[in-house]
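Some notes on the structure that comes next.
The values are calculated or read from the model by the stated rules, or taken from the named source; none is laboratory data. Since the structure is predicted, the reported quantities are computational estimates derived from the model, not experimental observations. So basically every Cβ, Gly included, is an ideal-geometry build from the backbone, and we count neighbours across all protein chains shown. Accessible surface areas use protein heavy atoms only, side chains included; no ligands, DNA or RNA. Shrake-Rupley method; radii C 1.70, N 1.55, O 1.52, S 1.80 Å.
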Amino acid sequence: MARQKPWEVDDELWAVIEPLLPKVERRTRHPGRKRHPDRLVFQGILFVLHTGISWEHLPQELGFGSGMTCWRRLAEWTEADVWPRLHEALLAKLRSADALDFSRAAVDGPHLGIKRGPKTGRSPVDRGRTGSKHHLITDATGIPLAVTLTGGNRNDVTQLIPLLQAVPPVRGKRGRPRRRPDVVLGDRGYDHEKYRRLVRALGVKPLIARRGTEHGSGLGTQRWVVERAFAHLHWFRRLRIRWEIRDDIREAFLTLACAVICWRRLVAVQRRHS
């Protein structure tokens, strides 16, 4: 049997996605051209995310519709908050399968190149080149819990609290949803007493490397999971360089990529237990 391509959506995943999509009723008078099927368009969006291809170069023979059709549907679903809800739904499934570990979380925010658009800035550590930053928080095993986008001139530590607050309430078990990790780990870029106090005020213990100390703090043995998660994000070629002018479209791609990573982890867990 041929191996499934990464942009192909199986029935199980589509059963999670379809209820989240807004319903569009076709007009009875002057209905115009029939709307291209959502499932095919979604696969077209995934194809662009995986390959990094330009929208106008999306191959018509794949049956996903035109690049403009896929872009418009992406913008429509972004406005309807489909991607955060998809990510939250998959996190709940992971928690239900005992695959989420909230005992600690790790954060990081590398710089990436950009062409133009909002949420950009001149990086103080990359020869002043204009760029953006992806800020990511993962659980103890490297599952992405939340991701944010800022200009390249924003200091990592300023995004520590927004990242913790961006973690959605994760259901999947009886009782109150889980939202905060017990501990958050960060490198020297997050070393600031003000932010340590703010983290503690959220009920989270900060475990952050100190500036001016020798390398070898020991945090690397636990923090490497967030660096691996960034490597997984950059498997999606569209995320390696920011081509999108609109920041909401860029954030949509980021959140969708996190959801895909969660789905793959869930499938791996289910296979181990079967």
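Which order, highest average first, do 93-100, 7-14 follow once you tally other Cβ atoms within 10 Å for each residue and take the mean per peptide?
The densest-packed peptide leads the list: 93-100, 7-14.
How much of the DSSP bridge set in the chain is antiparallel, in percent, rounded to the nearest 5?
About 70 percent, rounded to the nearest 5.
Taking the chain as a Gaussian network, where each spring joins two C-alpha atoms under 10 Å apart, which residue of ILE137, ILE245, ILE208 fluctuates the most?
ILE245
Beyond 20 Å, what share of the Cα-Cα pairs of region 19-86 remains, rounded to the nearest whole percent?
Value for region 19-86 (Cα pairs over 20 Å): 31 percent.
Which net charge results for the neighbourhood of ASP108, defined as the other residues with beta-carbon distances under 12 angstrom from its beta-carbon, given Lys and Arg at +1 and Asp and Glu at -1?
Neighbourhood net charge equals +1.
Can you work out the accessible area per residue across the chain, with the rest of the protein chains kept in place, probe 1.4 Å, in square angstrom?
The answer is 53 Å² per residue.
No solvent, one uniform scatterer per C-alpha: report log10 I(q)/I(0) for the chain via the Debye equation at q = 0.07, 0.11 1/Å, two decimals.
-0.27, -0.67
By how many degrees, between 0 and 90 and to the nearest 10, does the Cα long axis of helix 247-273 differ from the longest principal axis of the chain?
90 degrees
Among ARG210, ARG35, ARG26, which one shows the highest mean-square fluctuation when the chain is modelled as a Gaussian network with alpha-carbon springs under 10 Å?
Taking springs between Cα atoms under 10 Å, the residue moving most is ARG26.
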